[in-house]
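A.B. asks: Structure incoming, see below.
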Ligand SMILES: Cc1cc2nc3c(=O)[nH]c(=O)nc-3n(C[C@H](O)[C@H](O)[C@H](O)COP(=O)(O)OP(=O)(O)OC[C@H]3O[C@@H](n4cnc5c(N)ncnc54)[C@H](O)[C@@H]3O)c2cc1C
């Protein structure tokens, strides 16, 4: 069987690894990646050691059936071992994200070892730009004009870039539209005022990168609610366990109540949120579509800032920048942007939250877009996704958070039928599972999808 996996971030590599380990018949896996290196994706390509994982090492195993796999890697790998701290249990430590990139690449190296079962993982450094269905799969076309037939194709294309929206009015030389472009961040003059739009984890990353590069100028971080990710404190679990799917308003009340009770008993609200980690997908799928919509409209910023937290060291650095006055967090909405006449600065009109129609003017020299991935696939600039959409082989999910997908990862086409040859995993499945962006959520999905593909593979293709 020929399997084409498009994208070699964590999702693509872990899927290739799981197929490699579980296949019992000859299988050829082609792992396509458009970046310079396989195995890093957007999250782990950073070379800043200050960019830490936001999940403790003990929860970062890349393999669903081997919980200590990442811990064993850091103990074994000489480069990674340099980052082990002696003052904390290993499983509670937050490692640099680049260490995790090395870890993913070690998985890749392992599954390139020739196997007696004739399972081969071939790395293809090329962007897939198109795929056309055939009788027994797809013909894949790449930017470098390769044409490759496969029996199954899996979209492991990860997170999209943010949408520019109003920021499109910022002259290109003053706008960093891709917050993962560290070269662009490096090029910002150190004394200039920077406006970061968005106050989530990407903002934190960007601000830490600026600081590490010696930025001394003011930084303003703006979002509608001005909510910044909370800091990890307790990594334990506690309070209510055994959460069951319920109506949204009951859940909301119960979660808040459990967190307050936990805090009043001398515990930490985070322990309650931690217990939710393992059942969030069940709770999400137990909501009606209109409850899901209501959650997305009103509760997401609160959920995200409490659920996806900062490593304590990062939380401390951010606090120090706020306390020193260098970083200002603002809640408000951008109303308009123009250039100041005769100057290289921008004038940004902001309507502060709760301030009615009153506007304030901010002056900044550079703008960095940290508003989060644009999940609306119909605006994607990925030629492959555009082509599949045009052919009606895929369609957006009901919330436009990614792709419409069946429970087993099969993509659903424009007619509402699920495919036996086209699959996805990771961030594109957010509409179905909601919490499916981080490694602890994707690893189980990856193992299940590998097994599913191998079962399908053993069935002869219909003629
Ligand atoms: C900055 C950041 C920090 C994060 N930190 C953590 C963390 O600490 N812990 C955690 O658990 N999760 C973290 N995450 C979540 C992260 O999304 C997952 O951990 C994981 O990296 C998702 O992997 P992925 O392979 O699905 O997506 P990606 O990493 O986005 O990889 C997708 C890959 O597909 C490639 N691709 C796309 N289209 C094509 C095409 N047409 N042809 C060829 N290649 C293509 C892209 O180049 C990319 O390399 C973080 C995310 C970000 C963005």
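A.B. asks: Take the stretch 113-142 and flag every residue that is within 16 Å of the ligand (Cβ to nearest atom) and outside any strand (DSSP E or B). Even if it seems obvious, please write down each step before you answer.
C.D. replies: To start, the set of residues in the stretch 113-142 that are within 16 Å of the ligand (Cβ to nearest atom) comprises 121-132, 138-142.
Once the filter is applied, which keeps residues that are within 16 Å of the ligand (Cβ to nearest atom) and outside any strand (DSSP E or B), the stretch 113-142 yields 126, 127.
A.B. asks: Going through the stretch 349-373 one residue at a time, which ones are out of contact with any strand residue (DSSP E or B) (no Cβ under 8 Å at 6 or more places or on another chain) and surrounded by 18 or more Cβ atoms within 10 Å (Cβ to Cβ)?
C.D. replies: 372, 373
A.B. asks: Please enumerate the residues belonging to the stretch 425-439 that are more than 15 Å from residue 293 (Cα to Cα), part of a helix (DSSP H, G or I) and more than 6 Å from the ligand (Cβ to nearest atom).
C.D. replies: 428, 429 - these are the residues of the stretch 425-439 that are more than 15 Å from residue 293 (Cα to Cα), part of a helix (DSSP H, G or I) and more than 6 Å from the ligand (Cβ to nearest atom).
A.B. asks: For residue 32, state whether it is free of Cβ contacts under 8 Å to residues at least 40 places away in the same chain and within 12 Å of the ligand (Cβ to nearest atom). Quick ask: steps written out before the conclusion?
C.D. replies: Working: free of Cβ contacts under 8 Å to residues at least 40 places away in the same chain: no; within 12 Å of the ligand (Cβ to nearest atom): yes.
Spelling it out, it is not the case that residue 32 is free of Cβ contacts under 8 Å to residues at least 40 places away in the same chain and within 12 Å of the ligand (Cβ to nearest atom).
A.B. asks: So, one more: Confirm whether residue 346 is at pLDDT 90 or above, crowded, with 18+ Cβ neighbours inside 10 Å and either under 27 Å from residue 220 (Cβ atoms) or outside the structural domain of residue 433 (by TED's automatic domain parsing) (or both).
C.D. replies: Details: at pLDDT 90 or above: yes; crowded, with 18+ Cβ neighbours inside 10 Å: yes; either under 27 Å from residue 220 (Cβ atoms) or outside the structural domain of residue 433 (by TED's automatic domain parsing) (or both): yes.
It is true that residue 346 is at pLDDT 90 or above, crowded, with 18+ Cβ neighbours inside 10 Å and either under 27 Å from residue 220 (Cβ atoms) or outside the structural domain of residue 433 (by TED's automatic domain parsing) (or both).
A.B. asks: Something else: How many residues, within the stretch 256-285, are without any contact (Cβ under 8 Å) to a residue 60 or more places away in the chain and either surrounded by fewer than 16 Cβ atoms within 10 Å (Cβ to Cβ) or touching a strand residue (DSSP E or B) at 6+ places or on another chain (Cβ under 7 Å) (or both)? If you could, list the steps in order and put the result at the bottom.
C.D. replies: So in the stretch 256-285, the residues without any contact (Cβ under 8 Å) to a residue 60 or more places away in the chain come out as 256-276, 278-279, 282-283.
Going one step further and asking which of them are either surrounded by fewer than 16 Cβ atoms within 10 Å (Cβ to Cβ) or touching a strand residue (DSSP E or B) at 6+ places or on another chain (Cβ under 7 Å) (or both), we end up with 256-257, 260-261, 263-266, 278, 282.
Total meeting the criteria: 10.
A.B. asks: Every residue in the stretch 374-399 that is out of contact with any strand residue (DSSP E or B) (no Cβ under 8 Å at 6 or more places or on another chain), surrounded by 15 or more Cβ atoms within 10 Å (Cβ to Cβ) and touching a residue at least 24 places away in the same chain (Cβ under 8 Å), please.
C.D. replies: Once the filter is applied, which keeps residues that are out of contact with any strand residue (DSSP E or B) (no Cβ under 8 Å at 6 or more places or on another chain), surrounded by 15 or more Cβ atoms within 10 Å (Cβ to Cβ) and touching a residue at least 24 places away in the same chain (Cβ under 8 Å), the stretch 374-399 yields 374, 375, 380, 382, 399.
A.B. asks: Name the residues in the stretch 126-142 that are under 16 Å from residue 382 (Cα atoms) and surrounded by fewer than 16 Cβ atoms within 10 Å (Cβ to Cβ), would you? Reasoning before the result, please.
C.D. replies: First pass over the stretch 126-142, keeping only residues under 16 Å from residue 382 (Cα atoms): 126-132, 140-142.
Within the stretch 126-142, 132 is the sole residue that qualifies.
A.B. asks: Then there's this: Of (1) within 13 Å of the ligand (Cβ to nearest atom); (2) touching a helix residue (DSSP H, G or I) at 6+ places or on another chain (Cβ under 7 Å); (3) part of a loop (DSSP other than H, G, I, E, B), residue 385 satisfies all except one. Which?
C.D. replies: The failed condition is (3).
Table: residues versus (1) within 26 Å of the chain's Cα centre (by Cα); (2) at pLDDT 90 or above; (3) under 15 Å from residue 224 (Cβ atoms).
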{"position": "317", "(1), (2), (3)": "yes, yes, no"}
{"position": "336", "(1), (2), (3)": "no, yes, no"}
{"position": "351", "(1), (2), (3)": "no, yes, yes"}
{"position": "375", "(1), (2), (3)": "yes, no, no"}
{"position": "382", "(1), (2), (3)": "yes, yes, no"}
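A.B. asks: Since residue 295 meets every condition but one in (1) touching a helix residue (DSSP H, G or I) at 6+ places or on another chain (Cβ under 7 Å); (2) at pLDDT 80 or above; (3) over 18 Å from residue 398 (Cβ atoms), which condition does it not meet?
C.D. replies: Just one mismatch for residue 295, condition (3).
A.B. asks: Also, quick follow-up: Give the residue, chosen from 348, 368, that is within 15 Å of residue 197 (Cβ to Cβ) and either touching a helix residue (DSSP H, G or I) at 6+ places or on another chain (Cβ under 8 Å) or part of a helix (DSSP H, G or I) (or both). Steps first, answer last, please.
C.D. replies: Values: 348 fails: either touching a helix residue (DSSP H, G or I) at 6+ places or on another chain (Cβ under 8 Å) or part of a helix (DSSP H, G or I) (or both).
Unique residue meeting the criteria: 368.
A.B. asks: Restricting attention to the stretch 150-166, which residues are part of a loop (DSSP other than H, G, I, E, B), under 22 Å from residue 136 (Cα atoms) and either within 11 Å of the chain's Cα centre (by Cα) or within 9 Å of the ligand (Cβ to nearest atom) (or both)?
C.D. replies: Filtering the stretch 150-166 for residues part of a loop (DSSP other than H, G, I, E, B) gives 151, 156-164.
Within this subset, residues satisfying the condition of being under 22 Å from residue 136 (Cα atoms) are 151, 156.
If the condition is that a residue be part of a loop (DSSP other than H, G, I, E, B), under 22 Å from residue 136 (Cα atoms) and either within 11 Å of the chain's Cα centre (by Cα) or within 9 Å of the ligand (Cβ to nearest atom) (or both), then 156 is the only one that fits.
A.B. asks: Now a separate question. Given the options 173, 145, name the one that is more than 9 Å from the ligand (Cβ to nearest atom), under 30 Å from residue 338 (Cα atoms) and over 25 Å from the mean Cα position of the chain (by Cα). Outline the logic, then answer.
C.D. replies: On the way: 145 fails: under 30 Å from residue 338 (Cα atoms).
Residue meeting the stated conditions: 173.
A.B. asks: Residue pairs, Cβ under 6 Å, 6 or more apart or interchain, first in the stretch 9-27 and in a loop (DSSP other than H, G, I, E, B), second within 15 Å of the ligand (Cβ to nearest atom). List them.
C.D. replies: Sorted first by the residue in the stretch 9-27, then by its partner, the pairs are 9/41; 9/158.
A.B. asks: Need the failing condition index for residue 321 against (1) closer than 24 Å to residue 182 by Cβ; (2) in a strand (DSSP E or B), just the number.
C.D. replies: Status for residue 321: all satisfied but (2).
A.B. asks: Next question. How about the stretch 59-69: which of its residues are under 19 Å from the mean Cα position of the chain (by Cα) and modelled with pLDDT of 95 or more? Talk me through it step by step, then tell me what you get.
C.D. replies: Going residue by residue through the stretch 59-69, those that are under 19 Å from the mean Cα position of the chain (by Cα) are 59-64.
Within the stretch 59-69, 60, 61, 62, 63, 64 meet the criteria.
The values are calculated or read from the model by the stated rules, or taken from the named source; none is laboratory data. Quick caveat: nothing in here was measured; it's all calculated off a predicted structure. For neighbour counting, all protein chains shown are included, and Cβ atoms are generated from backbone atoms with ideal geometry for every residue, glycine included.
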